[in-house]
């Protein structure tokens, strides 16, 4: 069944930014990470084809003096999907598909910088993967 609706992530961050500005929130007190759980595709809501939603969010935060306080976003599609709202090297973003408690633990243990490629490396760096051989 088609829902026919879309989630505008920029509006979420616009509201977050508005509350921060109106409340004179210090950048160090900004929310650090936002999880987006969905069973639908993540698609582009930005009107500019040259700027991803996340790049637009970063630009808006910079314009308001919160350049170094943009919350990290975890796009977590709870079903299989080929949709990717950002590139694999986008800092501040992680892309996940499916669900497992081990993936959730990985986020609770890792509170540093994130990007899709880094989290793939973290996921396969466990002891259980050490005996695998990479053939290129």
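The values are calculated or read from the model by the stated rules, or taken from the named source; none is laboratory data. In this text the structure is predicted, and so the values were computed from the model without any measurement. In this analysis, Cβ positions are derived from the backbone assuming ideal geometry, glycine residues included, and neighbour counts consider all displayed protein chains.
Descriptive notes on the structure:
- Matching entry among 75, 35 (being at pLDDT 70 or above, within 11 Å of the chain's Cα centre (by Cα) and surrounded by fewer than 14 Cβ atoms within 10 Å (Cβ to Cβ)): 35
- The single condition among (1) at pLDDT 80 or above; (2) surrounded by 13 or more Cβ atoms within 10 Å (Cβ to Cβ); (3) in a loop (DSSP other than H, G, I, E, B) that residue 56 does not satisfy is (3).
- Residue match in the range 102-120 (condition: touching a strand residue (DSSP E or B) at 6+ places or on another chain (Cβ under 7 Å), surrounded by 10 or more Cβ atoms within 10 Å (Cβ to Cβ), modelled with pLDDT under 70 and in a loop (DSSP other than H, G, I, E, B)): yes
- On inspection, residue 84 fails the criterion of being surrounded by fewer than 15 Cβ atoms within 10 Å (Cβ to Cβ) and either modelled with pLDDT of 75 or more or in a loop (DSSP other than H, G, I, E, B) (or both).
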